[in-house]
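The structure appears right after this line, and notes come after that.
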Amino acid sequence: MGKVFGLLLGFATLPEKSRRDFLTRLNEFMMMSPSQKRRAITEWQHATDDGAGEPDKSVAKR
């Protein structure tokens, strides 16, 4: 449960624009098919490994 609280705290301390962006991306993720979710997760992992702040937005459109 500690990990969940850490995520909630991180979300709560984001600026308003970042919170909206996060919620939009979360909503898109929840509506994706399993294969789209796998692609999104892989892309997000690459983005965090590369230090990029913005993964390619085309994943949600597929």
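Nothing in this text is a laboratory measurement; each read-out follows from the coordinates by a stated rule. Everything quoted here is computed from the prediction, not taken from an experiment. Counting neighbours? That spans all protein chains shown, and the Cβs are built from the backbone with ideal geometry, glycine included.
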Requested in this report: Mind checking the full-extension length gain between K37 and L9? Use 0.36 nm per residue of separation minus the Cα-Cα distance, one decimal, nm.
Outcome: 7.6 nm
Report task. May I ask you to compute the full-extension gain from Q45 to F29, defined as 0.36 nm times their residue separation minus their alpha-carbon distance, rounded to one decimal in nm? Result -> 4.3 nm
Report task. Please list 27-39, 9-21 highest first by mean number of surrounding beta-carbon atoms within 10 Å per residue. Result -> 27-39, 9-21
